[in-house]
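Each reported figure results from applying straightforward, stated rules to the coordinates on display, with no laboratory input. Values in this document were obtained by computation on a predicted structure and should not be read as measured data. A quick note on method: Cβ atoms are made from the backbone with ideal geometry, for glycine too, and the neighbour counts reach across all protein chains shown.
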Amino acid sequence: MCMIIASMTEKYRRSERDELFQKAERELQYAAQIYRIGERFEGLEPELSKITMLDVTQIPGCHYGAKNVFVPMIRELEDRRIASIDSRIVVSPDTAILVEPSTGNGWVAFSDAAEMLGYEHMVVMPDGLPDARYNHPLGREVEMIRTPKEEYVEGLPRKLNELMNQNRQRIREGKKIFVTPNHAAGRAHITAEKMSDLGRRLLENIGDSRDPITLIVSMGNGASVCGVGGYVKKNIHESKLVVTESFAYGGGYDWYAKRNGLSSYRELFGIDLGDSRLMAKFSAYGTNAPIGMEMPLQTRAIEGDLIDEYVLFTDNEVLQAFKDLKSNDDHLKNALELSNYSLLPQALAETYGNSTLANIAEAKRFGNKGERVVALAYDSRKNY
């Protein structure tokens, strides 16, 4: 009889969780905005006015698309058991504290999902980002662990490992263990699947024309490339995918260049990847290919056949830091030829974040060629 009651209780609890997850799926879902820049800004040159924006800046954790990717990730965590030396623990709000690394966009979506699903949670972020990136847009207090500024993304996996290594002792002490969805590394398949829905929405709203699209996205963790880019290229023949990354880092570009017989970063600019003097001026957060972390979607994007062009962009501060290095004329010429988002009209700079401005600057180049161009808008000026 006791076993029957226990079984019924477990089924009831599971039913309650199912209902809560369904509610989270419904309520943590948002609509992307799709428009031409000229519809919102007056007096722009035609090459800018004609650019179509796939804008997710109003979506919490914006660059993960219209659906909150962390809800199914947390569901997956609950559906399996966390193995440890001492026991096997079912992840639940009673047994686990969720932890997620972020450079400033995705953690909001993570926090919203964790909060609705009843979890204590914390976020690991690099120090030195704009203050706005550490604040939840609704003003909710969220525990933050900041890693050293100079380590940027490299410090995130170190801190995660440090926390996870405490779990054996925490189990012995009867404390909750640390568990991470780690969306960019551990559950990339969910991220790509959810982001492909953005590609579907884009094609539903861009018009009936089946003319090829040139889609401009940031490299980041590879989710936009594989999710949105993969969907567009699969469904509109001869569309092109252009990936952007900051000149301040260049690691993703160099990886791509070596695989495709292009000039290396050092050959073009005469300096090493991620030169500290350039990275000190870096401010297009989320667009530099993260380093020090395994990124399955980056690997799929760079080593597959999705990317048609991989381009570097700059801004005035990074460009000035490079000029101060007294590089030779050829290297300086190559840097000056990069798209520079600092040269865009002030009205755009006051509206969009730097990673979005970088995509617009690159989209303008293709607009000059008369191509149908779409740029992904990840963040607004509020994040800076």
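The candidate values are [x] 38, 25, 18; [y] 32, 25, 21; [z] 29, 25, 24; the one derived from this structure for semi-axes √(5λ) of the Cα gyration tensor in Å carries the label [x].
Go through V228, S239, V179 and say which Cα lies farthest out towards the positive end of the charge dipole of the chain; charges sit on Cβ, +1 for Lys and Arg, -1 for Asp and Glu. It is V179.
Distance between the modelled labels on D79 and S263, one decimal in nanometres: 4.9 nm (7 Å Cα→Cβ projection).
Shown for E362, E19, E76: other C-beta atoms within 10 Å of each C-beta, ranked fewest to most, produce the order E19, E76, E362.
In whole angstrom, how far apart do the alpha carbon centroids of region 305-370 and region 195-258 sit? With region 305-370 and region 195-258 each reduced to a Cα centre, they are spaced 18 Å.
Of S15, S196, S111, the residue with the greatest mean-square motion in the GNM of the chain, using alpha carbon springs below 10 Å, is S15.
Kindly state, to the nearest 0.05, the FRET efficiency for R365 paired with N165, given R0 = 41 Å and r defined as their beta-carbon distance.
On the way: r = 47 Å, r/R0 = 1.14.
According to the calculation, E is roughly 0.30.
Looking at the chain, what % of its DSSP beta bridges pair antiparallel, to the nearest 5?
Values: 9 of 41 bridges.
Antiparallel bridges: around 20 percent, rounded to the nearest 5.
The residues D197, D315, D305, when put in order of fewest to most other Cβ atoms within 10 Å, stand as D305, D197, D315. Between E115 and R210, the C-beta separation translates, for a Förster distance of 35 Å, into a calculated FRET efficiency of about 0.25.
Suppose R0 equals 22 Å; then what is the FRET efficiency for L336 and S283 from their Cβ-Cβ distance, rounded to the nearest 0.05?
Values: r = 19 Å, r/R0 = 0.88.
After rounding, the FRET efficiency stands at 0.70.
Shape annotation for region 70-179: C-alpha extents along the principal axes are 41, 29, 21 Å, from largest to smallest.
Starting from the Cα gyration tensor of region 272-384, take the square roots of the eigenvalues, sort them a ≥ b ≥ c, and report rounded, prolate or oblate (rounded when a/c is under 1.5, otherwise prolate if a/b is larger than b/c, else oblate). Rounded.
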